[in-house]
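Engineer: The following block contains the structure, expressed as structure tokens.
The values are calculated or read from the model by the stated rules, or taken from the named source; none is laboratory data. Just so it is clear, the model here is predicted, and its values are computed rather than measured. With ideal geometry, Cβ positions are generated from the backbone for all residues, glycine too; neighbour counts draw on all protein chains shown. The area values use the complete protein model at the heavy-atom level, side chains included, leaving out ligands, DNA and RNA. Shrake-Rupley method; radii C 1.70, N 1.55, O 1.52, S 1.80 Å.
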Amino acid sequence: MKRPKLIALDMDGTMLDGESRLTERTKLALRAAQDVGVKVVVATGRMYPSAMIHIEDVGIKSACIFYNGALIRDTATGATIYQRYLGPELAAEILSFFHDRGWYVQMYCDDKLVVRDDADERCKFYENICGQKAVALGEKFWSCGLDSAKMLGVSFDSEIFAKMCDEVRREFGPRIYQATSWNSFVEMVHPSVNKAEALRRVCEHYGVAREEALAIGDGGNDAEMIRWAGTGVAMGNARDSVKEAADVIAPPNTEDGAAQIIEAALAAEE
């Protein structure tokens, strides 16, 4: 492994431990990378204000990827480098689809989490993960007419979750990019959006070649990014399909696997 010029890493299940915490070892590894001039890029499905809690804790000052790539924003200046939302028409169609089936879905509008009912257990679960309070619209949610960076269907029932994945794919096909995470989330963004495409844009922004980028992730929404990077790393806690996309398998996030990979990368020759 050569020392990369840019390290892109997912947040949940990768940069964060099993309790969604940022460990001291990971903080130190990320800071050490920046200290020697390596660009550190967070590439997450999280909403911008949620991800910024950990980005600011580390002191990352670079272009980072949010909503699975629907937004690229410079965390030092707050400047938006790229954004591509679903569009209000498609968002409305997705809302209708979920409403008709009695399934839970949430939206991300102007960096706010928008839901029908903020007392719903699925909303509460997500609030605990992201550290943000949802905006509840009640029944107006289903006809709100809002655009959304990403939409997220949630089910804790494995059979319903599998059905949700299949039916979303069947109904919307190439009109959306669909990925899964947490074994409970169906993530839906514009079809031109994914973490690999976002990482390509960030590398171009910094003049970094594909071969000089290292990407680390664990979720289905990380597979394209892992495959695209010069060196792709799947966490030990990743599903097999993600590991198949990788050049290297890291220890799991419960063992600071991402930090171990970053430490090894920094120790490598330039």
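Engineer: Go over the candidates 52, 1 one by one and state the one that is assigned to a loop (DSSP other than H, G, I, E, B) and not polar (S, T, N, Q).
Structural biologist: 1
Engineer: Might you let me know whether region 44-59 holds any residue that is over 17 Å from the mean Cα position of the chain (by Cα) and aliphatic (A, V, I, L, M)?
Structural biologist: yes
Engineer: Out of the residues in region 149-179 that are within 20 Å of the chain's Cα centre (by Cα), touching a residue at least 40 places away in the same chain (Cβ under 8 Å) and open to solvent by 20 Å² or more (accessible area, probe 1.4 Å), which is nearest to residue 112 (Cα to Cα)?
Structural biologist: By that ranking, first place goes to 177.
Engineer: Restricting attention to region 210-234, which residues are under 22 Å from residue 61 (Cβ atoms), of a type outside the set (Asp, Glu) and out of contact with any strand residue (DSSP E or B) (no Cβ under 6 Å at 6 or more places or on another chain)?
Structural biologist: Scanning region 210-234 gives a single hit, 217.
Engineer: Among the residues of region 20-32, are any of a type in the set (A, V, I, L, M, F, W, C), farther than 16 Å from residue 149 by Cβ, open to solvent by less than 20 Å² (accessible area, probe 1.4 Å) and in contact with an Asp or Glu (Cβ under 9 Å, 6 or more places away or on another chain)?
Structural biologist: The initial filter retains those residues of region 20-32 that are of a type in the set (A, V, I, L, M, F, W, C), namely 22, 28-30, 32.
Filter again for farther than 16 Å from residue 149 by Cβ, leaving 22, 28-30, 32.
Keeping just the survivors that are open to solvent by less than 20 Å² (accessible area, probe 1.4 Å) gives 29-30.
After this cut, where a residue has to be in contact with an Asp or Glu (Cβ under 9 Å, 6 or more places away or on another chain) as well, the list is 29.
Yes, some residue in region 20-32 is of a type in the set (A, V, I, L, M, F, W, C), farther than 16 Å from residue 149 by Cβ, open to solvent by less than 20 Å² (accessible area, probe 1.4 Å) and in contact with an Asp or Glu (Cβ under 9 Å, 6 or more places away or on another chain).
Engineer: Kindly list the number of the only condition in (1) in contact with a Cys (Cβ under 7 Å, 6 or more places away or on another chain); (2) free of Cβ contacts under 8 Å to residues at least 60 places away in the same chain that fails for residue 128.
Structural biologist: In the conditions (1) in contact with a Cys (Cβ under 7 Å, 6 or more places away or on another chain); (2) free of Cβ contacts under 8 Å to residues at least 60 places away in the same chain, residue 128 misses (1) alone.
Engineer: Just checking, does region 188-197 include any residue being within 30 Å of residue 269 (Cα to Cα) and either open to solvent by less than 20 Å² (accessible area, probe 1.4 Å) or of a type in the set (Val, Ile, Thr) (or both)?
Structural biologist: Checked region 188-197: at least one residue is within 30 Å of residue 269 (Cα to Cα) and either open to solvent by less than 20 Å² (accessible area, probe 1.4 Å) or of a type in the set (Val, Ile, Thr) (or both).
Engineer: Out of (1) β-branched (Val, Ile, Thr); (2) assigned to a helix (DSSP H, G or I); (3) within 30 Å of residue 270 (Cα to Cα), the odd one out for residue 40 is which?
Structural biologist: Among (1) β-branched (Val, Ile, Thr); (2) assigned to a helix (DSSP H, G or I); (3) within 30 Å of residue 270 (Cα to Cα), the lone unmet condition for residue 40 is (2).
Here is a yes/no grid of residues against (1) in contact with a Leu (Cβ under 6 Å, 6 or more places away or on another chain); (2) among the hydrophobic types (A, V, I, L, M, F, W, C); (3) at pLDDT below 95; (4) open to solvent by 10 Å² or more (accessible area, probe 1.4 Å):
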residue: 42; (1), (2), (3), (4): no, yes, no, no
residue: 49; (1), (2), (3), (4): no, no, no, yes
residue: 55; (1), (2), (3), (4): no, yes, no, no
residue: 93; (1), (2), (3), (4): no, no, no, yes
residue: 117; (1), (2), (3), (4): no, no, no, yes
residue: 129; (1), (2), (3), (4): no, yes, yes, yes
